[in-house]
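First up is the structure itself, then whatever we jot down about it.
The values are calculated or read from the model by the stated rules, or taken from the named source; none is laboratory data. It should be emphasised that the depicted structure is a prediction, and the values quoted were computed from it without experimental measurement. Note: ideal-geometry Cβ built from the backbone for every residue, glycine included; neighbour counts use all protein chains shown. Only protein heavy atoms, including side chains, enter the accessible area calculation; ligands, DNA and RNA are left aside. Shrake-Rupley method; radii C 1.70, N 1.55, O 1.52, S 1.80 Å.
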Protein chains: 2
Amino acid sequence: MSTAEDTAGGETSAWGEVTPDAARRLLIAAVEAFAERGYHATTTRDIAGRAGMSPAALYIHYKTKEELLHRISRIGHEKALDILRTAARGEGTPAERLAGAVGSFVRWHAGGRTTARVVQYELDSLGPDARAEILALRRQCDAEVRGIIEDGVAAGDFDVLDVKGTTLAVLSLCIDVARWFNVSGPWTPDEVGALYADLVLRMVGAK
Amino acid sequence: MSTAEDTAGGETSAWGEVTPDAARRLLIAAVEAFAERGYHATTTRDIAGRAGMSPAALYIHYKTKEELLHRISRIGHEKALDILRTAARGEGTPAERLAGAVGSFVRWHAGGRTTARVVQYELDSLGPDARAEILALRRQCDAEVRGIIEDGVAAGDFDVLDVKGTTLAVLSLCIDVARWFNVSGPWTPDEVGALYADLVLRMVGAK
DNA sequence: GCCCCAGGTGAGCGGGCGCTTAGCGCGCGG
DNA sequence: CCGCGCGCTAAGCGCCCGCTCACCTGGGGC
């Protein structure tokens, strides 16, 4: 069920689309630094240092520090949307599709906690235009999950009081995994994914 | 069910214990600024300006900017623990106590979103000693919720696969309300509290 | 009426920030 | 074998940060 990109220890394999190599190394360094300290507490000197380059090298590949965050955020959200879309549009009953979506979404947040943390929690550091672009992707994520729940309700498989509110709660539960999950803690990403899939099926009253 | 302190519009009534008046105004200004921009993006000049004072005035009442965050975080966590403890140790069945705890905890996060945001999401900006102190309070919050769930399981009222994991998920769900709740959105704090109480009872398989 | 001092201000220090610029070295076409 | 341009660095600019300090002020005790 898990694929290499979301449980790989290095957590750097998802950035293959970023070229050239120096730009990718800077971006990976930025992800690590932002996740550890937060965007505003991270300096461009720190990012460049982690990538083994001088501070000025950053500005050959990126116009500003904010552009780095924007690129990270967009790629990350596209990956998240891809995960949900694949699960939502797959085969199976609504319950199976919802469990699959939650399971893989949670595994991505837990296994790629470093990336997910930046993607989910540093949104407010973006400027208005970039933030608006990212929020559009988030609304699409919301729509995919709501679609599964609506299917389940329509088929009589789910028992939900408030579809919109429950959708929000399900996504909220998954996203917050990036805040608390600890790689050296008692659970593996797979275990949390399985536990959460079960909890979400209960939340929607799956038969 | 709601009390004045957690749904009051001004959201400034919980800081009565902070004296003198100038110190309280600075602290409230800091809460607002930290919630809006985050700790690292907030300047001491901004905090002092919101309180109607000169930048230097801050240092008469607080040793550093970090001490402000520490005081806010400690008072906020004590309030959160108080809410959970009151609900956990009240009368009623485990289901009633769990619904009450989740309802009031969520109302606090939604109604006092400004405060809750700082309390729940700016923890990493604290130094090691202060963070350790706050983490101890968080473990007590965790213990209160776990206690209710264990009571329900022991009484045969709940059906839970993993008590520790479910406790974490319940708290995670409540805490994340501070991230997404919008005062001008479609729900009131009371409505979210009621919806979440229902969702959590489903998560623990309450009869 | 006078002093005192807690609580406040205005100005500014040292430093680190995001970002720029002048110039270096090296692989490659001619 | 030259020279040119791309990718990078060393140095540093201007700014604003957290924080300090010398000074001011107005209301209470004697």
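Looking only at the range B:104-132, which residues have a backbone nitrogen under 11 Å from a spot 7 Å from the Cα of B:Thr64 in the C-beta direction? Inside the label zone: B:126-130. Spin-label model, B:Asp129/A:Glu36: points 7 Å from Cα along the beta carbon direction are separated by 2.4 nm. For the pair the range A:154-207 / the range B:41-111, the C-alpha centres are spaced 27 Å from each other. Computed across the range B:95-173, the Kirkwood radius stands at 13.9 Å (inverse of mean 1/r, all Cα pairs). The loop-placed trypsin sites (Lys or Arg not before Pro) in the range B:28-125, going by DSSP, that have at most 12 neighbouring Cβ atoms within 10 Å of their Cβ come out as B:Lys63, B:Arg89. Here's the list of lysines a cross-link from B:Lys207 could span, going by alpha-carbon distance under 28 Å and ignoring same-chain residues fewer than 8 apart: A:Lys164, A:Lys207, B:Lys164. Ligands, DNA and RNA left out, the accessible area of the protein assembly as shown computed with a 1.4 Å probe is 52% carbon and sulfur.
Counted as membrane-span-like here are DSSP H helices of chain A whose alpha-carbon atoms extend 20 Å or more along the helix's own axis and whose Kyte-Doolittle mean is -0.5 or above; these are A:21-37, A:65-88, A:94-111, A:128-154, A:189-203. Label zone of A:Thr93 (point 7 Å out along Cα→Cβ, amide N under 18 Å): in the range A:183-207 this covers A:197-207.
The convex hull around the C-alpha trace of the range B:41-156, projected and averaged over every direction, spans 8.3 square nanometres.
The sum of -39500 (n - 2.57) across all DSSP H runs of n ≥ 4, divided by the residue count of chain A, sets its helix-only mean residue ellipticity at 222 nm to -21500 deg cm²/dmol. Based on Cα contacts under 8 Å between residues 6+ apart, the range A:99-179 shows a relative contact order of 48 percent.
Pairing chain B with chain A buries about 2600 Å² of accessible area. This figure sums both sides and uses a 1.4 Å probe.
With the gyration tensor restricted to C-alpha atoms of the protein assembly as shown, the semi-axes of the equivalent ellipsoid amount to 33, 31, 18 Å, longest first. Only Cα sites of the range B:4-203 enter the Debye sum here, all with the same form factor; the resulting log10 I(q)/I(0) across q = 0.09 1/Å is -0.36, listed in q order.
Model label points for A:Asp142 and A:Val163, set 7 angstrom from Cα along the Cα-to-Cβ axis, are 1.5 nm apart.
For the range B:21-106, the square roots a ≥ b ≥ c of the C-alpha gyration tensor eigenvalues yield an a/c of 1.5 or more together with a/b exceeding b/c, which makes the shape prolate.
Peptide B:36-42 has a mean of 4 when you count, residue by residue, the C-beta atoms of other protein chains within 10 Å of its C-beta. Based on protein heavy atoms only, the protein assembly as shown ends up with 43 Å² per residue of surface accessible to a 1.4 Å probe.
Once C-alpha pairs closer than 8 Å and six or more residues apart are averaged by separation and normalised to the residue number of the range A:4-203, the relative contact order reads 26 percent.
How charged is the neighbourhood of B:Arg37? Take every other residue with its Cβ under 10 Å from the Cβ of B:Arg37, and add Lys/Arg as +1 and Asp/Glu as -1. My count for the surroundings of B:Arg37 gives -4. Report which residues of the range A:183-204 become buried by 10 Å² or more of accessible surface when going from the isolated chain to the complete set of protein chains (1.4 Å probe; DNA, RNA and ligands ignored). Listed in order, they are A:Pro186, A:Trp187, A:Leu195, A:Tyr196, A:Asp198, A:Leu199, A:Arg202, A:Met203.
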